[in-house]
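Have a look at this one before I ask anything.
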Amino acid sequence: MSILKIFFIVLLFSFMVLFHELGHFIFAKRSGIGILEFAVGMGPKIWSTKKGETEYSIRLIPIGGFVAMAGEDGAENDPEETDMDSFGDKTIWQRVQTIAAGPIFNIILTVILLAGVFTYMGTPQTELANVVKGTPAYEAGIEPGDKVVEIGGMEIKNWADVSAAVDKSGNKKTEIVVDRDGKEKTFEITPEKSKDNGYILGIEAKMSRNPFTAIKNAVVSTWQMSVQMVTFVVQLFTGNLPMKLTDAVGGPVAVVSVVNEASKVGVLNLIYVIAVLSLNLGILNLVPFPALDGFRLLMLLIEFLRGGKKLDPEKEGFVNMIGFAALMAFIVFITYNDILKLIR
């Protein structure tokens, strides 16, 4: 892999992080919280300008960025923050919105990217565009233009339902109901085994490039992937992973490798992978682990349950510091594991 491609992949990942930080920034501004700095990149500043109370900067290392809010770390007497509205002085709801906005923006980015992919590629409908000659569906008399209504007693709402119902039926004779010109017709078909050991009928879906349909499917896909990711996180913390930890998780090296492979297949595949990674970033940030947004949301929930009585910012900061150290150690561990996989 060339240095230029690695740099490009780093920029893509930085874009996801910046979109996350943009969420924090917009809702902090909306809540009237003072913003000390909005930075693109990390490390030493190479350019900066000040607009109002906020400094906008570009830093040397093109990895992500950050938003520095007044009073975010619990400090109240910093001279630079004296004339700014502090994060800690805002209502619990305003602070919740500001913290949650980062992960939510990553989820929104996933929907936007997937909607673009689905609009370009088209979304498969339950109406048939073609029936392949010599296949079970063709022999049974199913025709292009038929709309699949039911397979094996399962109601068909989308093309994913078609695939699931056919796989479930296996190579057994199955009743398939279609809508043809407003009238329902029933066929008995035995699916045949495909090359990948699945089952097929020999039908091809009509593709829709309606952007509203694409947005709907992007939302559904994002929800389905989110459920899978939350399930994975629960399994991770409860020790119920169906595989080894080292096989289930990947670090920066694995991410670069995945994005690199996706870029070889094509731009659409690359955009899809970036969408999935953005969703990962959003969901994982909602985990209530110290140093993540989810932990800060948990602390705000505890503050709410305590009737608005704030927790000791120094103790919270200490827990965050320990959590950050543990997180960095974990990232080093999985990165080391990724490198071992590459060597092997």
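Once amide H atoms are built 1.01 Å from N in the peptide plane, which residues 5 or more positions from Glu192, or in another chain, come under 5 Å H to H?
Ile200
Under 29 Å Cα to Cα from Lys29, which lysines show up? Leave out anything in the same chain fewer than 8 places away.
In chain and number order, the partners are Lys45, Lys50, Lys51, Lys90, Lys309, Lys310, Lys315.
Jot down the radius of gyration and Dmax of the range 76-159, Cα atoms only, both in angstrom.
Using the Cα atoms of the range 76-159, the pair Rg, Dmax is 26.5, 81 Å.
Mean separation of Cα pairs under 8 Å and 6+ residues apart, divided by the residue count of the range 137-225: what relative contact order is that in percent?
About 25 percent, as a whole number.
When you have a sec, figure out the Kirkwood radius of the range 115-246 from all distinct Cα pair distances and drop it here in Å to one decimal?
Values: mean 1/r = 0.0603 Å⁻¹.
The answer is 16.6 Å.
Taking the Cα centre of the range 181-223 as the origin, how large is its charge dipole in debye, to the nearest 20, when only Lys and Arg (+1) and Asp and Glu (-1) carry charge on their Cβ atoms?
200
Report the one residue of Thr123, Thr135, Tyr199 whose Cα lies farthest in the direction of the positive end of the charge dipole of the range 106-241 (charges on C-beta: Lys and Arg +1, Asp and Glu -1; origin at the Cα centre).
My answer, from the dipole projection, is Thr123.
Which whole-angstrom value gives the distance between the alpha carbon centres of the range 204-242 and the range 280-312?
25
While we're on this one: Tally Lys and Arg at +1 and Asp and Glu at -1 over the other residues with C-beta under 14 Å from the C-beta of Ala164: what net charge comes out?
For residues surrounding Ala164, the net value is -2.
May I pose another question? Considering only DSSP beta bridges with both partners in the range 1-61, what is the antiparallel share in %, to the nearest 5? Don't skip to the end; give the middle numbers.
Details: 7 of 11 bridges.
Roughly 65 percent of the DSSP beta bridges within the range 1-61 come out antiparallel.
Every read-out reported here was derived from the displayed coordinates using simple, explicitly stated rules and does not represent laboratory data. Fair warning: this is a prediction, and the values are worked out from it, not measured in the lab. Positions of Cβ are generated from backbone atoms using ideal geometry, with glycine treated the same way; all protein chains shown enter the neighbour counts.
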